[in-house]
Amino acid sequence: MNTTSTPDRSTARRAGAALALASALAIAGFTVLGSVFEYPQILEEPTSDILASFHAHESSVMTWFGVLVLSAALMAPAGIWLGRIAGGRLGRWIAGVGIAAATVQVVGLQRWVTLVPGISDDALDPALRADAEDRFELWHTLLGKAIGETLGYALTATFTVLVVVALRRSVLPRWLGVIGYAAAGLIATGVVIPVLEAASLTNFIGYVAWCAWLLAVAVVLFRVPAQKAGSDMLVPCDSPSMS
């Protein structure tokens, strides 16, 4: 492993701001949706009940799902700035996976803002109700479970591990790295939720830990000292395992 030095302060602070805002928005979004819409537990209810509850609280639910969309989208710039800190092949992986993780989660969540409002309106018409429920289940399975959740869990866990690998060489305390690995592992269990229902609990615990971890990493990045004149940027360390 090559010797490393303190990363660029400006880039570190941009990355920290993106991580902190993403975490804060996610916490706020899930908290309000849990109260107003009983999300995500409501997804276990019959489709007719989901659509009825959505229609009853449509404005609030759409607003807070929009907040979650923004939270997810912030992982793209965070990944780019963290990738610049890491540098080299590892940095490119971090940026690419961060953008991918943001993309699939935005694709999955945006259905609550763009598709479900119209579907819930159609569900009020007895003649259109069956078709509306079928469309909701189709998009929920495709955009929600397959793309937003399964791919989202895998990419978020991978992104977290890559960030820990990169930052532990420069600014990340060992204990915070351990928490990052643990959160990534728990989030990754969400991939098997379709065949192991108990994984939904470990996945939830993982996301709670992950949000707290993002805030802690943001604090660490904000505390990066300014570089002295003539000091070097973080020297990239290309790991053979990434090739």
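Selection of the range 82-110 for residues being of a type outside the set (V, I, T) and more than 16 Å from the chain's Cα centre (by Cα) yields G83, R84, A86, G87, G88, R89, L90, G91, R92, W93.
Only residues that are over 15 Å from the mean Cα position of the chain (by Cα) and without any contact (Cβ under 8 Å) to a residue 60 or more places away in the chain were counted in the range 169-180, giving 8.
Rundown of residues vs (1) under 17 Å from W81 (Cα atoms); (2) buried (at least 17 other Cβ atoms within 10 Å of the Cβ); (3) at pLDDT 90 or above, yes/no style:
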{"position": "E137", "(1), (2), (3)": "no, no, yes"}
{"position": "L142", "(1), (2), (3)": "no, no, yes"}
{"position": "I147", "(1), (2), (3)": "no, yes, yes"}
{"position": "L172", "(1), (2), (3)": "yes, yes, yes"}
{"position": "I179", "(1), (2), (3)": "no, yes, yes"}
{"position": "A188", "(1), (2), (3)": "no, yes, yes"}
{"position": "P194", "(1), (2), (3)": "no, no, no"}
{"position": "K228", "(1), (2), (3)": "no, no, no"}
{"position": "D232", "(1), (2), (3)": "no, no, no"}
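One residue stands out in the range 39-51 among those that are under 20 Å from the mean Cα position of the chain (by Cα) and surrounded by 12 or more Cβ atoms within 10 Å (Cβ to Cβ): the one that is nearest to H140 (Cα to Cα), namely L43. The set of residues in the range 190-205 that are free of Cβ contacts under 8 Å to residues at least 24 places away in the same chain and part of a helix (DSSP H, G or I) comprises V192, A199, S200, L201, T202, F204, I205.
The values are calculated or read from the model by the stated rules, or taken from the named source; none is laboratory data. These numbers come from a predicted model, not from an experiment. Cβ coordinates were reconstructed from backbone atoms using ideal geometry, including for glycine residues, and neighbour counts include every protein chain displayed.
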